[in-house]
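What follows is one structure encoded as structure tokens, with my remarks underneath.
The values are calculated or read from the model by the stated rules, or taken from the named source; none is laboratory data. Bear in mind that the values here come from a model prediction, so they are computed numbers and not experimental data. Note: ideal-geometry Cβ built from the backbone for every residue, glycine included; neighbour counts use all protein chains shown. Ligands, DNA and RNA are excluded from the accessible area calculation, which covers all protein heavy atoms including side chains. Shrake-Rupley method; radii C 1.70, N 1.55, O 1.52, S 1.80 Å.
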6 protein chains.
Amino acid sequence: MTAASPPTSSPFPIGRFPVPDLASLPEDIRQRIDAVLEKAGFVPNVFLVLAHRPDEFRAFFAYHDALMEKPGNLTKAEREMIVVATSNANQCQYCVVAHGAILRIRAKNALVADQVAINYRKADITPRQKAMLDFALKVSQSAHAVGEDDFEILRGHGWTDEDAWDITAIAAFFGLSNRMANVTSMRPNDEFYTMGRG
Amino acid sequence: MTAASPPTSSPFPIGRFPVPDLASLPEDIRQRIDAVLEKAGFVPNVFLVLAHRPDEFRAFFAYHDALMEKPGNLTKAEREMIVVATSNANQCQYCVVAHGAILRIRAKNALVADQVAINYRKADITPRQKAMLDFALKVSQSAHAVGEDDFEILRGHGWTDEDAWDITAIAAFFGLSNRMANVTSMRPNDEFYTMGRG
Amino acid sequence: MTAASPPTSSPFPIGRFPVPDLASLPEDIRQRIDAVLEKAGFVPNVFLVLAHRPDEFRAFFAYHDALMEKPGNLTKAEREMIVVATSNANQCQYCVVAHGAILRIRAKNALVADQVAINYRKADITPRQKAMLDFALKVSQSAHAVGEDDFEILRGHGWTDEDAWDITAIAAFFGLSNRMANVTSMRPNDEFYTMGRG
Amino acid sequence: MTAASPPTSSPFPIGRFPVPDLASLPEDIRQRIDAVLEKAGFVPNVFLVLAHRPDEFRAFFAYHDALMEKPGNLTKAEREMIVVATSNANQCQYCVVAHGAILRIRAKNALVADQVAINYRKADITPRQKAMLDFALKVSQSAHAVGEDDFEILRGHGWTDEDAWDITAIAAFFGLSNRMANVTSMRPNDEFYTMGRG
Amino acid sequence: MTAASPPTSSPFPIGRFPVPDLASLPEDIRQRIDAVLEKAGFVPNVFLVLAHRPDEFRAFFAYHDALMEKPGNLTKAEREMIVVATSNANQCQYCVVAHGAILRIRAKNALVADQVAINYRKADITPRQKAMLDFALKVSQSAHAVGEDDFEILRGHGWTDEDAWDITAIAAFFGLSNRMANVTSMRPNDEFYTMGRG
Amino acid sequence: MTAASPPTSSPFPIGRFPVPDLASLPEDIRQRIDAVLEKAGFVPNVFLVLAHRPDEFRAFFAYHDALMEKPGNLTKAEREMIVVATSNANQCQYCVVAHGAILRIRAKNALVADQVAINYRKADITPRQKAMLDFALKVSQSAHAVGEDDFEILRGHGWTDEDAWDITAIAAFFGLSNRMANVTSMRPNDEFYTMGRG
């Protein structure tokens, strides 16, 4: 299986903008897409939609990896919780569905993604994680009002200021992603809906 | 299998208020619960949470049935679309998860519930259904501003004024349900998450 | 005087939808309307507008009675305060005018209804009643964010969790009512404007 | 009857700030208060609350008169409609109650004030008056977005640009008044509640 | 130099409404304009736009002076901070630019006006001044919710209740001014942009 | 002059997080900072604040350059207009002040940055640029609702769909930047306030 395979069998367009022919893409981008295809078994549509703009593609995924792959106190599942909760607040179909799948897998929990997306206050997560999401939602919806008091609440739950940066950066980066996905009408791959539910 | 069986095996409470012992419930309520258990194989938690108040229970389900079981131009799947879209706008975990399951089954479509919940403008539904949901969301979020223009748009998509009443009543009734579920911390049954996913 | 009398002498339509001929209504609905006419001396338009849909009529008034006629710690005047305050937040003319009248009568106070409708924080009511209305408005406008802290504040004013359920259910039910009244353009009867003004 | 009479018999304070002794007020302010007492039979509390600051009192009432007493295409009742509709949007108890009374009298209509306050879209007023209130509410709630299109709609209803200035200035001036009344906890006189109710 | 000089050399209109010929204005208004021209070296456009309505002009500037020229605990710079912060929240170009200039001059600080306009929480001002602006913004955006708690916070920073009145009145008056400026498309004079930056 | 020079003479901290010693930075980051210092004569604080996280720094500036330095139909001034308008909506002091300076320089216009920041509807820009900013603000504040109608309006002003992508990406990227700057309390350099005003 290679990236030259048809990227999806869905009859629906994966976005409003032209999707480049994979063969025509710069080598580094094609390699990244091949790698994810190899790992996931399909190419998540965000790769195909953003490949329309190679320089933006590179910066986007470099930023993504800098936040989501780095070491730190936030577990990978917790990072995905931030993505899912803020993306539903921004009504971003692609990010809720795709990262909901990743959250289910990272957390080894079939329920938590839908719970966190819809109303994290009622999710099966810890008070510390709820404090993390309170902060993330405030960054996402009214960052201008974030202040020392908010950092203090995080500290009360054992989060460091470096963790606060991580939470902020993830909420901010996926705010960018939500806006790109909504305007480009980026479609979640069918595969995501059922991943990790079993 | 009867309603006297333990209603759920989840370790989490199904709500903030006491859940009545099924044996102690009035006969008509126990029968309703037995019937749903028979049909679904489990008792959706909304029955158990609301049984705390028998008179409200009876009125609630009478209203529900009057809207969701009646004949009319809206298909059953379309009625569930209204529930799912407005309930996510109201951040109601129970209603999005439970009625998302019903929508998947009614529509025989594993994807549409999550799509409609998160951003119905991007869902695999018809323009006529999007107009139905535009109207439903306006009823849900700013009914004071609904006017003749909004009815006119519905008519342009072939919806009658009786259909407009149906849309309104469903959006309004589940607005009630969303508020009850959020304040009582009503928990969706685990079974709903995977129903109809394929 | 019977329900066959002309229901109102106003030249304005009482709603956007057809009003059924009383004689054609099912017996139980006609009896309910006769009873209210007997008691009030006129038929509040909500009965006539909702009679367009007999099953919904029955469920609506059963729900209404289950909340507004039941015993409990909230006085009847306090229940009407919740209706009036939340209905003005939802810009519902019918409910503010009709239940404003009932509140004046129940509270034997000619001023309190307008005060509570416009800004309950400045009304001639007790701090305990203001806490009740703080909770009711939060249920009405952002139920997703109601949590243990809000229950704790109510308890600090001597309200039980059962009272919290009552407040929630009244705010939620009249949110339904507000949406129906706004979309159907339900007109308050002229009689309500002056009732209880002394 | 003179301004030295007790201004009100209500047991409730008329505002959060000290109310000056009428005898101690500057002559021109006392005369203005005497004149309104003579005409209305009581002293509306806005005169007493604002007399705490004589210079602001003078400017406030000069502005008021420049807008509400001037000739122009807006009838006096229409000006009061603007006050009542925008003041309820701002949750100002004093202005809705006091100017509601004046609107009932000016319009010789016992119902219109409550209708306009709660939801002017459903009031017994003309489409031209609804357009006037659409503009007024936009000025009151989001003046930054008012543009040529809004003027064009007014013109389509026969309103001139001078009328648009009048609508704007009334909505803006009572926005000031609403904020002063809310922060000072200015209490409407009991007399206003029943004036003009027939 | 007199008011008969061309008021501005900008090619852009200074507002949507006709600007009166200075020679035709009532004597007192012409004198006021002459005085400001004498002092500032140019005529701020607010004088020219409002001169279209002499009575409103007189009341407006009387109110302005009653608030901005009176003695009191708020320094003149602090009063301008209130104007600038609330006017940017209301997206009023004239008031932010013109009073930003005055704030820079009053505070002898080239940076503070832009800081306060955009996000006063991050400005080089004292905690006491931030509390003043918290209160002012609440008056500007949700005065209905201002209560005893807000006064208590002010007192904790050494502000008296008379100061609270001043803050309220300035926020309320410039709310009026913001709405007039936005609807009239009042243009800030070019001179204001650079004043006090050096 | 090298990056080893003190980056700013302001007594205020440039952000809430530790600022790395320039000498300790990875070579590529130090080179980027040296280059901007060479060109601008000072180091904009965004470089110093973000250098705390080298990988995020690299991705951030790669993304920035991919959007702001690329060829395209949007002029460089127009791109800065998007930054300034959306950043004031997000109350981001750093971005409004810093990019306001760049906008003045790019547009060779001393007034346009403040105008666009406060209320672009009243700015000295073309209708085509206002349509660009209408779209950008919608992306920034409610991207979930952007649809075909919005693209159609852009096309009516001669903007292509590729331009729509550019507008979207700039609004989205600076939404990220606004959130990082607000949470890190990133301080605009004093130099920006006066650049291009002359």
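Structure notes:
- Choice from C:Gly100, C:Gly15, C:Gly158 with maximal GNM fluctuation in chain C (Cα, 10 Å cutoff): C:Gly158
- Measuring with a 1.4 angstrom probe and ignoring ligands and nucleic acids, B:Arg53 comes out at about 20 Å² accessible.
- Residue of C:Lys70, C:Lys39, C:Lys108 that the Gaussian network model of chain C assigns the largest fluctuation, springs spanning Cα pairs under 10 Å: C:Lys39
- Rg over Rh, two decimals, the range C:146-187 (C-alpha only, Kirkwood Rh): 1.20
- Three-way shape label, chain F, alpha-carbon gyration tensor, a/c 1.5: prolate
- Interface size F-A, as summed buried accessible area [1.4 Å probe, Å², nearest 100]: 3800 Å²
- This model, with +1 at the C-beta of Lys and Arg and -1 at the C-beta of Asp and Glu, gives the protein assembly as shown a dipole about its Cα centre of some 0 debye.
- Over 31 Å between alpha carbons, listed pairs B:Lys122/F:Lys130; A:Lys138/E:Lys130; E:Lys70/F:Lys108; F:Lys108/F:Lys138; A:Lys130/B:Lys70; D:Lys70/D:Lys122: E:Lys70/F:Lys108; A:Lys130/B:Lys70
- Global form of the protein assembly as shown, assessed from the alpha-carbon gyration tensor, a/c cut-off 1.5: oblate
- For E:Gly147, distant residues with modelled amide H under 5 Å away: none
- The modelled label-to-label distance between C:Ala35 and F:Asp28, using points 7 Å beyond Cα along the C-beta direction, is 7.9 nm.
- Within the range F:52-121, the proportion of Cα pairs with more than 15 Å between them is 55 percent.
- Counting only aspartates and glutamates at least 8 places from B:Lys39 when in the same chain, those with an alpha carbon closer than 16 Å to its own are B:Asp65, B:Glu69, B:Glu191.
- Heavy-atom accessible surface of the protein assembly as shown, averaged per residue, reaches 36 Å², computed with a 1.4 Å probe.
- 10 Å Cβ neighbours from other chains, averaged over peptide F:67-74: 1
- For chain A, modelled as a GNM whose springs connect Cα atoms under 10 angstrom apart, the maximal fluctuation among A:Thr75, A:Thr184, A:Thr126 occurs at A:Thr126.
- Using a probe radius of 1.4 angstrom, the carbon and sulfur fraction of the accessible surface of the range C:35-188 is 54%.
- Helix content alone sets the calculated 222 nm mean residue ellipticity of the protein assembly as shown: runs of n ≥ 4 DSSP H residues at -39500 (n - 2.57) each, divided across all residues, give -19500 deg cm²/dmol.
- Partner shielding of C:168-180 amounts to 6, given as the average count of beta-carbon atoms from other chains within 10 Å of each residue beta-carbon.
- Packing, as the average of other Cβ atoms within 10 Å across residues, places the peptides D:90-98, D:109-117, D:127-135, E:185-193 in the order D:90-98, D:109-117, E:185-193, D:127-135, highest first.
- Shown here are the Rg and Dmax of the Cα trace of the range F:96-198, at 14.7, 42 Å.
- Per residue of B:137-150, other chain Cβ atoms within 10 Å of the residue Cβ number 4 on average.
- Calculated FRET value between F:Thr194 and A:Arg155, using beta carbons and R₀ = 25 Å, to 0.05: 0.05
- When +1 charges are put on Lys and Arg Cβ atoms and -1 charges on Asp and Glu Cβ atoms, the dipole computed for the range C:1-97 relative to its Cα centre reaches about 180 debye.
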